[in-house]
1. Kindly identify the stretch 60-177 as rounded, prolate or oblate by the Cα gyration tensor criterion: order the square roots of the eigenvalues as a ≥ b ≥ c, call it rounded if a/c is under 1.5, otherwise compare a/b with b/c, prolate if a/b is larger, else oblate.
2. What's the longest piece of the chain with no exposed trypsin sites (Lys or Arg not before Pro), counting a site as exposed if DSSP puts it in a loop and it has at most 10 other beta carbons within 10 Å?
3. Where Lys and Arg each count +1 and Asp and Glu each count -1, what net charge lies around S24 among other residues with Cβ under 14 Å from its Cβ?
4. Can you give me the Rg/Rh ratio for the stretch 173-235, using Cα atoms for both radii and the Kirkwood formula for Rh?
5. When the helix-only estimate is applied to the chain (DSSP H runs of n ≥ 4, each -39,500 (n - 2.57), divided by the residue count), what is the mean residue ellipticity at 222 nm, nearest 500 deg cm²/dmol?
6. Beyond 21 Å, what share of the Cα-Cα pairs of the stretch 123-192 remains, rounded to the nearest whole percent?
7. Thinking of the stretch 19-99 as a set of Cα atoms, what percent of all their pairs are more than 17 Å apart?
8. Take every Cα pair under 8 Å in the stretch 86-206 that's 6+ residues apart, average their separations, divide by the length, and report that relative contact order as a whole percent.
Amino acid sequence: MRAYWLIILLVFCCGGAKAQLPKSIAVGYVENFEKQPKIKFVKSSKAEYEQCEKSADPVKIKIKESKADFNLSTKSKTFKLKKTNNEENDFDGYEYIGYYKMLKMWAFTENTMSDNLGFGTFALLDSLNGNYYNIVSIGDGAIETPIPSPNGKYLVYYYNRLYDGDSAFIGVLQVNRNLKAKQVLKETLSFDTESFAVEGIRWLNDKKFVVEAYNTVKKDGSRETIIQYLKANIQ
């Protein structure tokens, strides 16, 4: 009986041990997207966009945290991550985003700054097996938080280029948790444009999403924002 409780105590201690993040698996490289089909858009409407339900994921559930760091727990380990301190001139740290219930993954960003230049990457940590993923950005900052499809089989995300006017990248990743770690997230579709920036994306159903896009134009000496809605179908 004593041996039994010793084993239970050992398992608990191992599960609660603080650990360093494992080597990340990178996904979302432009060269990989270029091998896949491009997103094909058709015109949509504000009414159709508003018909789409906003995703409930990721949820900002309560975690153990302090002023300096926060903990993300997986089935076998707990990872203690240093928080980003924006008051420092040179920093590196992490910012907690939330938890994807369907994917069973923690979401956060990795942030670094040096010589007044900031860089960021969106990251996912699998709460079941501890696999760690980075979604590569096409710019200096992290991508906007990916939106899961209603069935959790796809993630769509975007990145607006801040210094290139109305310019954006949209990527779609397929999710398959039954595959090996390096194949769980796979580049599926993308769209790179200099014709508009993205305000938001919502899923209409498991295979269709609608983009709220905008253009900024000069009119009568002032700048005016023009909104358009575009719908895409995942084949």
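Values quoted throughout were computed directly from the atomic coordinates according to the rules given, and no laboratory measurement underlies them. None of these values were measured; they are calculated from a predicted model. No Cβ is skipped: glycine too gets one built from the backbone with ideal geometry, and neighbour counts run over all protein chains shown.
1. Working: a/c = 2.36, a/b = 1.06, b/c = 2.23.
The shape class here is oblate.
2. Working: sites that count: K23, K35, K54, K60, K62, K67, K180.
It works out to 68-179.
3. Details: positive: K23, K182; negative: E110, D126.
After counting each charged neighbour, the total is 0.
4. Details: Rg = 16.5 Å, Rh = 14.2 Å.
Here Rg/Rh amounts to 1.16.
5. Numbers: 3 runs with 25 residues, N = 235.
That comes out to -3000 deg cm²/dmol.
6. Details: 660 of 2415 pairs.
The share of Cα pairs beyond 21 Å in the stretch 123-192 comes to 27 percent.
7. On the way: 2272 of 3240 pairs.
Above the 17 Å cut-off, the stretch 19-99 has 70 percent of its Cα pairs.
8. Numbers: 248 pairs, mean separation 18.8, N = 121.
Reported as a whole number, the value is 15 percent.
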